[in-house]
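I have placed the structure first, in the form of structure tokens, so that the comments after it can refer back to it.
Coordinate-derived values only; no laboratory data. Note that the structure is a prediction, hence the values are computed from the model and not measured. Quick reminder, even Gly has a Cβ in these numbers, built from the backbone with ideal geometry, and neighbours come from all protein chains shown.
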Amino acid sequence: MPDTSDSKGQDRPRSLQIDLQTRFGRVKGNLSVPPGSVRLAELAWNSMAIDERLIAMATASEARQGRQVSCKQGCGACCRQAVPLSPAEAWMIADVVASLPEARKAETLARFTAAKERLGSEGFGERSLHGASEAEITRLGLDYFKLGIACPFLVDESCSIHPNRPSACREFLVTSPAENCSDPAGKPIQGVPTAGSLTDALSKLSAMVMGGEPQAIPMTLALEWAAANLEAGSVRYDAAMLLAGLVQFLGPGPAATQAQSETSPATPPVS
């Protein structure tokens with residue numbers, strides 16, 4: 001539920017005690033909770049520490065089985081996919097663009113405009129995922145990839161906002177040869193299994209507090225969507241409530257996930 005109180009630093013620091021069982025092991029510890037209320041965009045940014053921990057567990061499991069991540073700087077094939085964002089991350093990306101220096105912001109906005117125009121000219125505006133089968137969704141993704149539209153943040157085949165990239169980008173890792181990613185329809189790609197999708201969890205959480213169904217927004221259309229939903233993105237919610245709900249959606253079920261907020265000194269990120 002929206003938090004309409006004006007806390008502005010009046011709340012003491014809090015922590016969230018989490019106990020999350022995943023396919024790769026257990027994540028247990030205290031997560032610092034921002035005092036007062038936050039926007040969903042702020043929640044998305046604060047939840048990236050959880051995602052990084054889950055990703056580290058997954059890649060460590062792959063390494064123990066002799067499979068090393070082959071992704072490297074300059075390998076930008078995955079940056080031409082239809083990267084899905086949760087509503088929270090679409091607003092987060094809009095915040096990132098708004099914070100860029102003016103010259104860099106103008107260049108980035110121009111790339112977003114060009115990507116949108118290209119999608120429109122190729123008829124993607126008439127294609128919908130609503131009611132689509134898994135095969136149709138796969139075909140849509142492959143057709144998008146064939147267009148070769150680079151992510152607006154891709155510069156010199158590397159991510160220009162790497163520290164601020166969304167969860168789908170963090171989680172997309174492969175152990176197959178990096179060059180295979182340039183031909184997903186013709187060459188085998190072995191991805192790193194994830195312990196949970198933060199994109200899905202944030203989408204479900206956004207739907208829970210905002211109402212409606214979970215949704216995913218393509219990266220190239222994120223700014224347009226965020227601007228069209230500016231008022232919803234400005235609503236503030238209790239931070240502890242949002243983080244507790246997010247942990248629940250990340251877990252395989254209520255019995256395997258426990259979340260409890262408490263008033264206490266700020267604690268280090270989950271370890």
**Q.** Cα centroid separation, segment 13-92 to segment 176-226 (Å)
**A.** 13 Å
Q: Just need the relative contact order of segment 14-263 here, percent rounded to a whole number, with Cα pairs under 8 Å and 6+ apart.
A: 39 percent
Q: Would you please give the FRET efficiency between Lys28 and Glu213, computed as 1/(1 + (r/R0)^6) with r the Cβ-Cβ distance and R0 = 30 Å, to the nearest 0.05?
A: 0.40
Q: Mind computing the radius of gyration and Dmax over the alpha-carbon atoms of segment 18-75? Å is fine for both.
A: 14.9, 45
Q: Cross-chain or 8 or more residues apart, Cα under 24 Å: how many lysine pairs in segment 14-263 fit that? Count them up, please.
A: 6
Q | Cα→Cβ-extended label distance, 7 Å offset, between Ala60 and Arg118, nm | A | 3.9 nm
Q | Where a label projected 7 Å from the Cα of Leu147 along Cα→Cβ would reach, residues of segment 73-89 with amide N under 11 Å | A | 81-83
Q) In the neighborhood of Ser182, defined by Cβ-to-Cβ distances under 14 Å, what is the net charge if each Lys or Arg adds +1 and each Asp or Glu adds -1? A) +1
Q. Per 10 Å bin from zero, what fraction in whole % of the C-alpha pairs of segment 65-168 is there, up to the bin with the longest pair?
A. 12, 40, 36, 11, 1
Q) Once Rh is set to the Kirkwood radius over Cα pairs, what Stokes-Einstein translational diffusion coefficient, in µm²/s, holds for segment 150-211 at a temperature of 10 °C and a viscosity of 1.306 mPa s? A) 114 µm²/s
**Q.** For segment 14-263, convex hull volume per residue from C-alpha positions, Å³
**A.** 137 Å³
Q.
Could you list Met48, Met92 so that the one with the fewest beta carbons within 10 Å of its beta carbon is first and the one with the most is last?
A. Met48, Met92
Q: Could you bin all the Cα-Cα distances of segment 4-114 into 10 Å bins starting at 0 and give me the percent of pairs in each, rounded to whole numbers?
A: 10, 26, 35, 22, 7, 0
Q: Kindly state, to the nearest 0.05, the FRET efficiency for Val235 paired with Leu109, given R0 = 25 Å and r defined as their beta-carbon distance.
A: 0.50
